[in-house]
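Colleague: Okay, handing you the structure first.
What follows is calculated from the coordinates using simple rules that are stated; it is not laboratory data. This structure is a prediction, so every number in the text was calculated from the model and none was measured. Every residue, glycine among them, receives a Cβ derived from its backbone with ideal geometry; neighbour counts consider all protein chains shown.
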Amino acid sequence: MKKLIKVFMVLWIFLIPLSSVAQLPDGVTATQAFLDTIMTNLKSEDLYSFDVKSTQPYARIPIYAHIIRDIKGASGVTPEKIVTCVTLANSYFKNTGIEFFVDSIDYVADYNYSFITSNNLRKELLVKHNVTNRINLFLADSIKMGASLSYGYTYFPDMPDSNIIYIDKRFLSGNSLTTMLGHFMGLLSTHETAGGRELVSEKNCRESGDYICDTYADPDLFNQVVDTCKYIGNSRDDEGNYFIPSVANLMSNSPDQCRCLFTTQQCRRILFYYNKYRYYLKKI
């Protein structure tokens with residue numbers, strides 16, 4: 001028995017660090033207000049002139065990065081990594097004509113602000129450090145804006161004073177940043193169900209799921225895709241059909257290394273919502 005206990009303790013010591021960096025889900029879920037906004041704008045969005053093959057450079061948007069130091073005073077991320085992540089995000093946003101650039105980077109010295117949740121400390125952080133007319137990227141040690149921890153959180157464009165993105169430093173990558181920027185510019189998760197579950201046939205794609213019809217119905221890929229980017233789930237939709245989701249869409253909960261694309265209609269929505277709600281960020 002003592003030997004078993006020792007073996008368990010050794011495994012526990014090694015597994016805890018691994019579990020601390022295990023995959024976390026996207027923390028952004030649709031609000032009813034934003035679902036109503038999408039439905040209100042849907043006809044105008046459909047009529048919005050957009051050709052992914054002829055998109056020209058349209059706007060450059062500044063990002064102000066705030067690195068919150070941990071309890072030991074360490075930053076946990078380098079300015080070079082932030083720039084690299086923004087560069088990769090730009091490769092995905094190229095077909096929208098939108099480009100992001102790192103305008104400034106600063107450091108927040110108080111580690112108490114590094115645990116992002118809905119409390120007064122977060123409000124103080126924003127009062128002290130949020131900058132107008134920039135995307136404020138706060139890099140923290142943990143994020144829990146909903147019921148559980150997530151790798152990132154942001155706000156949809158219909159929210160006033162919502163130029164904020166939070167990302168857990170351990171999960172900062174070009175893909176995680178891109179996903180948050182996608183939400184920031186109006187995209188729902190492909191697995192969103194707040195407006196109803198999308199059917200595999202996609203016949204309800206205009207009023208359920210992510211409200212976009214050229215993305216695949218998604219049962220939520222969190223922990224359902226292996227490292228080789230193969231979907232291993234067996235979920236069915238409400239009509240009994242098996243989901244055949246895309247593991248590559250940037251707005252899914254597929255592992256970071258598998259996500260690599262926006263669809264044409266996702267690009268159109270980004271540009272439409274930028275022009276309608278986020279235009280104040282433009283810097284030529």
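Colleague: Lys/Arg Cβ at +1, Asp/Glu Cβ at -1, dipole of the chain taken about the Cα centre: which of ASN163, LEU261, ILE232 is farthest positive-ward?
Modeller: Projecting each Cα onto the dipole axis, the largest value belongs to ASN163.
Colleague: Among TYR113, TYR166, which comes first, second and so on when ranked by fewest other beta-carbon atoms within 10 Å?
Modeller: Ranked by crowding around the Cβ, least crowded first: TYR113, TYR166.
Colleague: Near the amide H of LEU261, under 5 Å away, which other amide H atoms are found, from residues 5 or more places off or on another chain, if H is placed in the peptide plane?
Modeller: Amide H neighbours of LEU261, under 5 Å, 5+ apart: LEU250.
Colleague: Please report, in debye to the nearest 20, how large the charge dipole of the chain is about its Cα centre when each Lys and Arg carries +1 at its beta carbon and each Asp and Glu carries -1 there.
Modeller: Approximately 840 debye in magnitude.
Colleague: Further question: Relative to the present Cα-Cα distance, how much length would full extension add between TYR242 and VAL127 at 0.36 nm per residue of separation?
Modeller: Residue separation times 0.36 nm, minus the Cα-Cα distance, leaves 36.6 nm.
Colleague: In this model, which of LYS72/LYS144; LYS123/LYS169; LYS94/LYS169; LYS43/LYS230; LYS43/LYS81; LYS94/LYS123 are farther than 28 Å apart at the alpha-carbon?
Modeller: LYS43/LYS230; LYS43/LYS81; LYS94/LYS123
Colleague: From a point 7 Å beyond the Cα of GLN56 in the direction of its Cβ, which residues of segment 93-119 have a backbone N at a distance under 14 Å?
Modeller: 97-98
Colleague: Fully extended, how many nm does the chain gain between ASN223 and LEU88 (0.36 nm per residue separation, minus their Cα-Cα distance)?
Modeller: 46.2 nm
Colleague: Still on this structure: Whose amide H sits under 5 Å from the amide H of VAL225, counting only residues 5 or more places off or on another chain, with H placed in the peptide plane?
Modeller: Counting only residues 5 or more places away or on other chains, the set is ILE232.
Colleague: Taking each full run of DSSP H in the chain as one helix, which ones are at least 18 Å long along their axis (Cα atoms) and have mean Kyte-Doolittle hydropathy of at least -0.5?
Modeller: The qualifying helices are 2-20, 32-47, 79-93.
Colleague: No other cysteine beta carbon under 4.7 Å away is the test; run it over the chain and list who passes.
Modeller: CYS85, CYS260, CYS267
Colleague: A follow-up question, please. In debye, nearest 20, what is the charge dipole magnitude of segment 54-187 about its Cα centre with +1 on Lys and Arg Cβ and -1 on Asp and Glu Cβ, if you could check?
Modeller: 140 debye
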